[in-house]
C-alpha cells in the first residue's frame, strides 16, 4: 500500500514538473529569450511592440505578468522562477479540484452522521442558517470573480481591437504603396509611348482584365458595369409592369422611352421580353459609356468602347491609334470596328472624344432600339456620322469563354495589301 501511494505521488510530481516546464518554455519563447537567460520587464514590453498597442497598455500587460512570475522582485524572471510559478499554479489547480471533491464528501458524510444520530430540529435550523450564510459568501465571491473576469476580458478585447486596427491600417498602407509602385512602373515602361486611344470596357472584371492585357499596359482603360436586366413575372400583367418599371429606372439613357417592338424583333413571350431587356441594357451601357468619355476626353482624342462580348488582338491599340491619327480630319463621329453580321453587333467601337456628347444627344433624341440599329438610325436622322472599318483587330469571343484574344486566320494578305484594303474600306465608309 505504501509503495502504491509513493508511486502515485511520484507520478503526480512528474506530471506537475512536465506541465510547469512546458508552460515556462512557452513563456520564454514568447519573450524572445533562451531558457539560460532572464526575461526583463523591458523585454516583455518590447515583445508587444508589433501588436500596435499603446505604451500604457503594453506596460500594463507586462506588469501583470512580472508581478506573477518575479518571485524575488528583481524585475527579471529566471527560468527557475518561471518553472516554480507554473508548478505552484498547477498544484493549486489540483488542490482546488481535490478540495471541492473533499468538501462534497465531507458534506455527504455529515449528512449521513446526522441521519444516524437523529438530528434535532434545532440542529437542522443551525445548519440551514450556516448554509445560508455560506451561500451568500459564495455568491458574493462568485460575483466578484465574474466581475474581475469581465474587466480582464474587456481590457484584452480593447487591446485586441487596437491590434486589429493597427494591422488593418498597415494593410491599407501596403495596398496604397503597391498601387503607387504599379503606377510608377507603368509610367516608366510607357514613357514616350503615349497612345491616342483610351478604352472604356463594359464587362465583368475578369473579361475586362483580359482585354486590358490584350491592349497593353500603356493604354488607359476604365471598366464600367454592363447592365443585365430581367423580368420573370407569373402573369402577363405583372410582366408588363416589370418591363415598364425597368424602362422607367433607365430614363437617363432612354428619355423618350423604348421601342419594344424593335427590341423584341417580332418575337413574343417571356424569353422575347428578356431578350428585349438585354438589348435595352446594351443600349444604356453604350449611352453611359459616352457620358464617361465626356468626363475624360481631355486625356486622349479617341476612345475605344468594348462590350462584354468583345475580343481584341495584341495590335488593336496601335492600329486604332494610327487610324484615328490618319483619318481624324475625315467626317466621322463613330467607327464600327470589324463589323460582323447584318446588322452588326457593336462589340468594338472607336469614338472621337469630341463627338461623344453629340452621339449621346443623338441617342437621347430617339426611342431606344437594338444597339446594332443605332449607327444607321443616326445616319438617317443626320444627327451624327457613323462609319465602319474592317481592320482585322477585333471580333466576338466564344460564348462563356474566358479567352478574349483575337487573331486573323493564317491565310491572310500581306501587310501592304492589308494597309491598302484598310484605307479603301475607310474611304468608302466615309463617303457613304
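The values are calculated or read from the model by the stated rules, or taken from the named source; none is laboratory data. Because the structure is predicted, anything quoted here is derived from the model rather than measured. A quick note on method: Cβ atoms are made from the backbone with ideal geometry, for glycine too, and the neighbour counts reach across all protein chains shown.
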For residue 118, all conditions in the list (1) surrounded by fewer than 10 Cβ atoms within 10 Å (Cβ to Cβ); (2) at pLDDT 80 or above hold save one; what is the number of the exception? (2)
Return a yes/no flag: does the range 96-104 have any residue that is touching a helix residue (DSSP H, G or I) at 6+ places or on another chain (Cβ under 8 Å) and part of a helix (DSSP H, G or I). no
Condition (residue is without any contact (Cβ under 8 Å) to a residue 12 or more places away in the chain and within 26 Å of residue 370 (Cβ to Cβ)) applied to the range 253-264: is it met by at least one residue? yes
Are any of the residues in the range 8-15 part of a helix (DSSP H, G or I), surrounded by 12 or more Cβ atoms within 10 Å (Cβ to Cβ), under 44 Å from the mean Cα position of the chain (by Cα) and at pLDDT below 80? no
Against the condition assigned to a helix (DSSP H, G or I), at pLDDT 80 or above and under 24 Å from residue 157 (Cα atoms), how does residue 88 come out, does it pass? no
Go through the residues of the range 346-353 one by one and say whether even a single one is surrounded by fewer than 19 Cβ atoms within 10 Å (Cβ to Cβ) and either modelled with pLDDT of 85 or more or out of contact with any strand residue (DSSP E or B) (no Cβ under 7 Å at 6 or more places or on another chain) (or both). no
Selection count where residues are buried (at least 24 other Cβ atoms within 10 Å of the Cβ) and not in a helix (DSSP H, G or I), scope the range 284-301: 0
Within the range 273-283, is even one residue outside any helix (DSSP H, G or I), over 28 Å from the mean Cα position of the chain (by Cα), surrounded by fewer than 19 Cβ atoms within 10 Å (Cβ to Cβ) and modelled with pLDDT of 90 or more? no
Residues in the range 218-238 that are farther than 23 Å from residue 296 by Cβ and surrounded by fewer than 17 Cβ atoms within 10 Å (Cβ to Cβ): how many? 9
Name the strands (runs of 3 or more DSSP E) wholly within the range 304-362 that hold at least 2 residues that are in contact (Cβ under 8 Å) with a residue 60 or more places away in the chain, closer than 25 Å to residue 263 by Cα and under 35 Å from the mean Cα position of the chain (by Cα)? 310-312, 348-352
Quick check, is residue 93 free of Cβ contacts under 8 Å to residues at least 60 places away in the same chain and exposed (fewer than 12 other Cβ atoms within 10 Å of the Cβ)? no
Extreme residue, surrounded by the fewest Cβ atoms within 10 Å (Cβ to Cβ), among residues of the range 369-384 that are touching a helix residue (DSSP H, G or I) at 6+ places or on another chain (Cβ under 7 Å) and either in a loop (DSSP other than H, G, I, E, B) or modelled with pLDDT under 90 (or both): 383
Residue satisfying all of: in the range 255-271; within 17 Å of residue 229 (Cα to Cα) and under 36 Å from the mean Cα position of the chain (by Cα); surrounded by the fewest Cβ atoms within 10 Å (Cβ to Cβ) among these: 271
